[in-house]
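Working notes, structure below.
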Amino acid sequence: MFRQPRQTQPDRFSMRLGTVLHPLTVIPWGPLALSYLGVPIGVGATMIVLQDHDYTSAIQKLENTGFTRSVLNRNLAPEIIEDHPTPQQMLEEINAGYKRVDRLCAVFDYPCGDPAEKGLQRYSQNKQYDTYSNLHYPLEPILVESFVKAAIDEETDAGFSAWGELLKCWVSMITAYLEVDNNILDYCLDKQAVGWYSVRFGRIHEAKFGPMDRRISKRLGSGKELPMI
């Protein structure tokens, strides 16, 4: 898989949420943010981050516009479940890996209808976010920092978990596909986050195992693709 071009417009799911939640600050996160930066990743559940003091207001806005409270559906394919001796136990074990994030998040189903996509034009770009109205797409440094801090919190609270491993996977994808340098968190004042990244992906990791091979991340059409064998 090759890196995709960085987007220059917000995705339609975030646009809809931005319209509904305006004027609250909305930060697309997880796969949405990775896809915006050019990581070739499928977007399943739409994930956004809000400021703590906007959380209750955001829930009210979503409910008032037809969004319904729900739970994430992690059911496996029927052909897998029907051959498993204890399918309910298997599902409980899967959900246990996301216990902490499920506790801290609110989940909604989108209402029927087309997203409202008008009136959102890019007007600001700074060192941390690309901004479209009240939508703020995090750029590489701030996104890596947020994933790392979430991973540290998950490890501290739950130890090993599926959610913690997914966060590490996202950091790895940014590091590989987006060709970030091993000093991407040098600006960060959180020394624990800097150390966590350095040991797993940054300077300490490269000193021990050598530089990461990032050739897979060459953009399609750049003339620098790997040769076909």
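Label zone of Ile80 (point 7 Å out along Cα→Cβ, amide N under 16 Å): in segment 146-185 this covers 162-163, 166. The stretch between Gln89 and Lys191 holds 32.8 nm of extra length on full extension. This uses 0.36 nm per residue minus the Cα-Cα distance. By other beta-carbon atoms within 10 Å, ranking Leu167, Leu62, Leu104 with the fewest at the front produces Leu104, Leu62, Leu167.
Structure note, pairs Lys61/Lys127; Lys127/Lys168; Lys99/Lys168: Cα-Cα distances above 19 angstrom occur for Lys61/Lys127; Lys127/Lys168. Apply 1/(1 + (r/R0)^6) to the Cβ-Cβ distance of Val71 and Val199, taking R0 = 35 Å, and write down the FRET efficiency to the nearest 0.05. Efficiency, from the Cβ-Cβ distance: 0.50.
Dividing the convex hull volume of the alpha carbon atoms of the chain by its residue count gives 187 Å³ per residue. For segment 1-45, the residues whose backbone nitrogen is under 19 Å from a point 7 Å from the Cα of Cys169, taken along Cα to Cβ, are 1-4, 29-45.
Within segment 133-204, list the chymotrypsin sites (Phe, Trp or Tyr not before Pro) lying in a DSSP loop whose Cβ has at most 15 other Cβ atoms in a 10 Å radius. Answer by residue number: Phe160, Tyr187. Our helix-only sum for the chain, with -39,500 (n - 2.57) per DSSP H run of n ≥ 4 divided by its residues, gives a mean residue ellipticity at 222 nm of -12500 deg cm²/dmol.
Relative to the current alpha-carbon distance between Arg12 and Asp157, full extension at 0.36 nm per residue lengthens the span by 48.8 nm.
On the basis of the beta-carbon distance and an R0 of 35 Å, Asp54 and Ala96 show a calculated FRET efficiency of 0.75. With 0.36 nm allotted per residue and the present C-alpha distance subtracted, the Lys61-Lys127 stretch has 20.8 nm of extension available.
Compute the normalised compactness of segment 139-214: alpha-carbon radius of gyration over 2.2 N^0.38 Å, N being the residue count.
Working: Rg = 11.7 Å, N = 76, 2.2 N^0.38 = 11.4 Å.
Taking the Cα Rg and dividing by 2.2 N^0.38 Å, one obtains 1.02.
When only the Cβ of Lys, Arg, Asp and Glu is charged (+1, +1, -1, -1), the dipole of the chain relative to its Cα centre reaches about 800 debye.
Values in this text are rule-based calculations from the coordinates and carry no lab data. Everything quoted here is computed from the prediction, not taken from an experiment. With ideal geometry, Cβ positions are generated from the backbone for all residues, glycine too; neighbour counts draw on all protein chains shown.
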